[in-house]
1. DSSP beta bridges in the chain, what fraction antiparallel, as a percent rounded to 5?
2. Given the DSSP H assignment, sum -39500 (n - 2.57) over each helix run of at least 4 residues in the chain and divide by its residue total; what's the result at 222 nm in deg cm²/dmol, nearest 500?
3. From the alpha carbon gyration tensor of the chain, can you work out the equivalent ellipsoid semi-axes (sqrt of 5 times each eigenvalue) and give them in Å, largest to smallest?
4. Give, as a single signed number, the net charge of other residues whose beta carbon lies under 12 Å from the beta carbon of Glu379, with Lys and Arg counted +1 and Asp and Glu -1.
5. At 10 °C and 1.306 mPa s, grab the translational diffusion coefficient of the range 53-173 from Stokes-Einstein with a Kirkwood Rh over Cα pairs, rounded to a whole number in µm² per second.
6. What ranking do 203-209, 105-111, 362-368, 59-65 get when scored by the average of other Cβ atoms within 10 Å per residue, highest first?
7. Between Leu242 and Thr20, what is the label-to-label distance in nm when each label sits 7 Å out along the Cα-to-Cβ direction?
8. Would you mind getting me the FRET efficiency between Gln373 and Ala64? Use the beta-carbon distance for r and R0 = 56 Å, nearest 0.05.
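The values are calculated or read from the model by the stated rules, or taken from the named source; none is laboratory data. Here the structure is a predicted model, which is why all the values come from computation and not from measurement. Counting neighbours? That spans all protein chains shown, and the Cβs are built from the backbone with ideal geometry, glycine included. Please note that ligands, DNA and RNA were not included when accessible areas were found on the heavy atoms of the full protein model with its side chains. Shrake-Rupley method; radii C 1.70, N 1.55, O 1.52, S 1.80 Å.
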Amino acid sequence: MASANSLREKLEKISPSEKTEQVIVQYFANPLLYELGFDDLEIRPQFETGCGKVDFAARKNTEATDIFYNSQKNPYLFLEVKSRTYDLSEGSSTYEEAVDQVKGYLSRERSKSAKWGIITNASYIQIWRKHGKVVHPATANFSINPDNIETIVRDLRNKLENYERALTICVYNNKGGVGKTTTVINLAAALKTKGKKVLVVDFDSQGDLTRSLGATPGKITLTQCLKDPKIDIHAIVQTYKLKGFSIFDIIPRDPELETLTDSRAVAYIPKGTRRLRDLIAPLRNEYDYILIDCPTQWLYFSQSGVFAADVILIPTRPDDLSSLNNAARVITSFVPETARSRQDGGPIALPTFFNGVSSGSEYTIRLAHEEIQKLINQEKSVDLRPYFWPHFKKGNENKSIFRIPDYAVISSASFARTPAVFRDRRVLEYYQSLAREYFIDE
């Protein structure tokens, strides 16, 4: 096995303008995999994923009868290698191509077991994590050199050996009335029906989610936890039950949370908008999904919710012009602003979806698509098509957007303190479809 010091020496031997990919493989990729903890029989070059061959696949051998190099079963990690003349700096078109390539490898049936994808050209390196259908950055896109390679490799190995169970989702749009709270409640319940363990966090001072579920804060509250890092967060986690059956866990809002709408009160929260992410960190290995509900205004609560998340799920309405424009604002402004602050690659925005679509609304949806086209044409810094039309490809102009229909039972379910998915079979099917569309790889 190579040592980190050996990896440093090998990196120094590669020309800054090296055009040959095989040189990167020999002097960097192979020793990198060794340093990440894999040996020769745990590494398979030119692994067929089903949509092309990735340069390397790797998995630890745990049984003498299942040697990964021979069996090529259940890969854990993919490594895609580029030459140094291939620009992997973030924002370049070639970087985006490489990311799409690794996402494609990870999305294939043969790759279901794979949890990680690494992209490198020996000048840059980044690791991506797969959770169900979601592939999101687990680190920043590091610029590497002989002086920092040892630190970066230690960070990568720590990620690989400590895979976090939960995907943290913030449901957010900088526009009210799009069904954020309804989405959190019913998506959480739908995930439960798929056997997932879910936690919902009511991080809205108005407390609509807490009220809709009939929850009340205990003696120790969310606000107290935010202010005092010594309090164990487990003390404020409750279980929402229906007819005696546990559905999902909840961190309810408490009345004191309203004081944090005052910027002077927020000054007493250690780390400010970073605090919520740190607070829920001990829970990330106890749940499959953590869903955060937060208010519309881009202030402390929403900034904290987005900062704490791996991914942002953005509901819109086809009959609400402002919801489409504000979704674009979240994608082009708020999410990149948060990513620059975090400096670890996240969060990322997921494709938007239409909420509350009424029957006979095809004309309205056509108007919504016209508005989306205007937004795409106007935006120069970000290609908005993958966020509004995720199935749109060159030669296949599929502009379909996932829809949740407008059922009266969805809006009235809060009066019964029951998720609508448990009151109407059609509603359950739609939210299960939402879970499959974005999150669950079945």
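1. Working: 26 of 54 bridges.
Antiparallel bridges make up about 50 percent of those DSSP assigns within the chain.
2. My calculation for the chain gives -9500 deg cm²/dmol from helical runs alone.
3. 39, 25, 22
4. Result for the neighbourhood of Glu379: +3.
5. Working: Rh = 15.4 Å.
Using the Kirkwood radius from Cα pairs, D works out to 103 µm²/s.
6. 203-209, 105-111, 362-368, 59-65
7. Reported label-point gap for Leu242 and Thr20 is 6.3 nm.
8. It comes to 0.45.
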